[in-house]
Amino acid sequence: MCLAIPARIVETLPDDEALVDLGGVRKRISLALVEDCTVGDYVIVHVGYALNRLDPDEAARTLALFAEAGLLAGDDDAGTDAEARP
């Protein structure tokens with residue numbers, strides 16, 4: 001089974017790359033498969049690649065479910081925090 005998770009772009013980098021926040025962990029990913037991403041956008045990330053942009057409300061709901069299931073270590077308020085972000 002594969003898992004793709006929502007992540008918020010915190011910095012765009014050269015060569016179609018970005019730095020994303022995954023529940024407090026920052027990771028460098030490729031944006032080569034998704035066009036027109038900017039800082040603050042949520043993307044679905046799988047094996048280091050953004051697969052598509054995600055609506056912020058949908059990202060908040062998904063992150064809240066992950067937190068409820070205990071899948072986001074150290075990020076108990078992932079849903080409310082995601083809603084507050086631009």
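Among rounded, prolate and oblate, which fits the stretch 5-72 when a ≥ b ≥ c are the square roots of the eigenvalues of its C-alpha gyration tensor, a/c under 1.5 means rounded, and a/b larger than b/c means prolate? It comes out prolate by the Cα gyration axes.
If you put +1 on each Lys and Arg Cβ and -1 on each Asp and Glu Cβ, how big is the dipole of the stretch 5-72 around its Cα centre, in Debye rounded to 20? Here the size comes out at about 300 debye. By the count of neighbouring beta-carbon atoms within 10 Å, fewest first, 5, 29 end up ordered 5, 29. Summing charges over all other residues whose Cβ lies under 11 Å from the Cβ of residue 34, with Lys and Arg as +1 and Asp and Glu as -1, gives -3.
Rule-based calculations on the coordinates, nothing more; no lab input. Treat the numbers as computed from the prediction; the structure is a model and nothing was measured. For neighbour counting, all protein chains shown are included, and Cβ atoms are generated from backbone atoms with ideal geometry for every residue, glycine included.
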